[in-house]
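Here's the structure we're looking at; comments come further down.
The values are calculated or read from the model by the stated rules, or taken from the named source; none is laboratory data. Quick caveat, the model's predicted, so the values are computed rather than measured. All Cβ positions, even for glycine, are placed from backbone atoms using ideal geometry, and neighbour counts span all protein chains on display.
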Amino acid sequence: MSEHRIRPLALCIFHHRGKILVNQFQDTEQEQRTLYRPLGGGIEFGERSADAIAREVQEELGLSIHGIRLLGTLESLFTHAGKPGHEIVQVYDATFDDARVYERNEIQGHESDGAAFQAKWCDTTNFSPASPLVPEGLEDLLKSLSLLK
């Protein structure tokens, strides 16, 4: 049996015209719920969380960014795919170097395991209790900063 541990995570909020860029995925264990999460990933040992953001965006989207700034920190306790999770989440804001990215409806990406995904621009009308923006507390944080309408 594997030992439970707290995972350090860095997520980045790319925002444009009241929308944020998110990856949509399914939680098949929880009644086929759709979940939305900003781009990012785990922070590696010895890596600063801001550096993790730049690395993850480059790895997943093949795009460079600048203006990385910390927005806040969240603690997330959850169950996904039937397993408990605990994350400390550094939430950042950044800007794509290529402004043309903001005009695309979707952006093709690849997870570290090679699985393809489509990142898309969403606003609050896309999120609901049945299809939440995760981690918990993120939507409230973004609304308080006027980054999500």
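Kindly indicate whether any position in segment 118-130 is assigned to a helix (DSSP H, G or I) and β-branched (Val, Ile, Thr).
Applying the first criterion (assigned to a helix (DSSP H, G or I)) to segment 118-130 yields 124-126.
With β-branched (Val, Ile, Thr) added as a condition, the list becomes 124-125.
Yes - at least one qualifying residue is present in segment 118-130.
In segment 102-116, how many are touching a residue at least 60 places away in the same chain (Cβ under 8 Å) and farther than 16 Å from Leu11 by Cα?
Here the count works out to 2.
Of the numbered conditions (1) over 19 Å from Ser128 (Cβ atoms); (2) exposed (fewer than 14 other Cβ atoms within 10 Å of the Cβ); (3) of a type in the set (S, T, N, Q), Gln26 satisfies every one except a single condition; which is it?
It fails just one condition, (1).
Please go through segment 61-78 and give me each residue that is in a strand (DSSP E or B) and not hydrophobic (A, V, I, L, M, F, W, C), ordered by number.
Going residue by residue through segment 61-78, those that are in a strand (DSSP E or B) are 65-78.
The answer is His66, Gly67, Arg69, Gly72, Thr73, Glu75, Ser76.
List, please: which pairs have Cβ atoms under 9 Å, are six or more places apart or on different chains, and start with a residue in segment 129-149 that is in contact (Cβ under 8 Å) with a residue 24 or more places away in the chain and surrounded by fewer than 16 Cβ atoms within 10 Å (Cβ to Cβ) and end with one that is among the basic types (Lys, Arg) and assigned to a helix (DSSP H, G or I)?
If the second residue must be among the basic types (Lys, Arg) and assigned to a helix (DSSP H, G or I), the pairs left are Lys149/Lys143.
Would you please name the residue that is farthest from the chain's Cα centre (by Cα), looking only at residues in segment 107-136 that are among the β-branched types (Val, Ile, Thr) and over 14 Å from Glu60 (Cβ atoms)?
Start the filter on segment 107-136 by keeping residues that are among the β-branched types (Val, Ile, Thr), which leaves 107, 124-125, 134.
Those still in the list that are over 14 Å from Glu60 (Cβ atoms) too: 124-125, 134.
Numbers: Thr124: 15, Thr125: 17, Val134: 8 Å.
Filtering segment 107-136 for residues that are among the β-branched types (Val, Ile, Thr) and over 14 Å from Glu60 (Cβ atoms), the one farthest from the chain's Cα centre (by Cα) comes out as Thr125.
Does segment 55-73 contain any residue that is hydroxyl-bearing (Ser, Thr, Tyr) and under 26 Å from Lys149 (Cβ atoms)? Outline the logic, then answer.
Filtering segment 55-73 down to residues hydroxyl-bearing (Ser, Thr, Tyr) leaves 64, 73.
Retained after the next criterion (residues that are under 26 Å from Lys149 (Cβ atoms)): 73.
The answer is yes, given that some residue of segment 55-73 is hydroxyl-bearing (Ser, Thr, Tyr) and under 26 Å from Lys149 (Cβ atoms).
Checking Glu56 against (1) exposed (fewer than 12 other Cβ atoms within 10 Å of the Cβ); (2) out of contact with any Asp or Glu (no Cβ under 6 Å at 6 or more places or on another chain): exactly one of these is not met. Which one?
Among (1) exposed (fewer than 12 other Cβ atoms within 10 Å of the Cβ); (2) out of contact with any Asp or Glu (no Cβ under 6 Å at 6 or more places or on another chain), Glu56 violates only (1).
What is the residue count in segment 71-101 for residues that are touching a Pro at 6+ places or on another chain (Cβ under 6 Å) and free of Cβ contacts under 8 Å to residues at least 24 places away in the same chain?
Residues in segment 71-101 being touching a Pro at 6+ places or on another chain (Cβ under 6 Å) and free of Cβ contacts under 8 Å to residues at least 24 places away in the same chain: 0 in total.
Given the conditions (1) out of contact with any Leu (no Cβ under 8 Å at 6 or more places or on another chain); (2) buried (at least 17 other Cβ atoms within 10 Å of the Cβ); (3) under 21 Å from Leu133 (Cα atoms), report the number of the one that Leu71 does not fulfil.
Here Leu71 clears every test but (1).
Can you give me the number of residues within segment 79-106 that are surrounded by 15 or more Cβ atoms within 10 Å (Cβ to Cβ), assigned to a strand (DSSP E or B) and either more than 14 Å from the chain's Cα centre (by Cα) or at pLDDT below 95 (or both)?
4
If you check every pair at least six apart or on different chains, which have Cβ atoms under 9 Å apart with a residue in segment 31-55 that is farther than 21 Å from Gly72 by Cβ first and a residue that is hydrophobic (A, V, I, L, M, F, W, C) and assigned to a strand (DSSP E or B) second?
Close Cβ pairs satisfying both conditions: Thr34/Phe25.
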